[in-house]
Structures are given as structure tokens and as C-alpha cells.
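What follows is a single structure, written as C-alpha cells, with notes after it.
Values quoted throughout were computed directly from the atomic coordinates according to the rules given, and no laboratory measurement underlies them. Since this is a predicted model, take the numbers as computed values, not measurements. Cβ placement follows ideal geometry from the backbone for every residue including glycine, while neighbour counts extend to all protein chains displayed.
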Amino acid sequence: MEEFIMSEVRITENTISESLKIILVKKNMNIARLADLMGVSSTTMYSKFKRGNFTIKDLNDISKALNLSYEITFKINE
């Protein structure tokens, strides 16, 4: 049995869409398969990726479908 270890994907210069695409590639998946796992149309999911328009609910649902965890951090700069 091959062990699969996924490293962190940090969003710095990448957009959320680009980072999620990297994760999909690492998991040998595509956007249509993600949409299927989430119970939404592939058209809807492709549109979200194209616009980079993800809500917190979308990110929660994507994380659940892909068995991921994520965190969003806001820091107050002094």
C-alpha cells in the first residue's frame, strides 16, 4: 500500500482558486469531481473557480469533500 502524504499549501501569492487547483492535482481530482462530491453542478463549481468567489461555507464544504483542514488568520498590524 502506497502512503500518501499531503504537504501544506500556503496561500501567499496564489489565489484561493489556484491553491485549490494544486490540491486537486495532488489528489488526482478535477473540478467536476469536486462538484460531484459536493452535490453541486460542475458549471457552478467552474464558475466559482474562475471568479475566485468562495464563501466561508464553500470553503467548509470543499474542505469536507477533500478531507482537508484550513485556517484563516487576520492579524492587526501595529
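Cβ contacts < 7 Å: first residue in contact (Cβ under 8 Å) with a residue 40 or more places away in the chain and loosely packed, with under 10 Cβ neighbours inside 10 Å, restricted to region 53-76; second residue basic (Lys, Arg) and part of a loop (DSSP other than H, G, I, E, B), any location; separation 6+ or different chain. Result?
Between residues of region 53-76 that are in contact (Cβ under 8 Å) with a residue 40 or more places away in the chain and loosely packed, with under 10 Cβ neighbours inside 10 Å and residues that are basic (Lys, Arg) and part of a loop (DSSP other than H, G, I, E, B), there is no close pair.
Do you know which residues across region 35-60 are within 17 Å of GLU18 (Cα to Cα) and of a type in the set (D, E, K, R)?
Listed by number, the residues that qualify are LYS48, LYS50, ARG51, ASP58.
Do any helices (runs of 4 or more DSSP H) lying entirely in region 23-78 carry at least 1 residues that are in contact with a strand residue (DSSP E or B) (Cβ under 9 Å, 6 or more places away or on another chain), and which ones are they?
Qualifying helices (runs of 4 or more DSSP H): none found.
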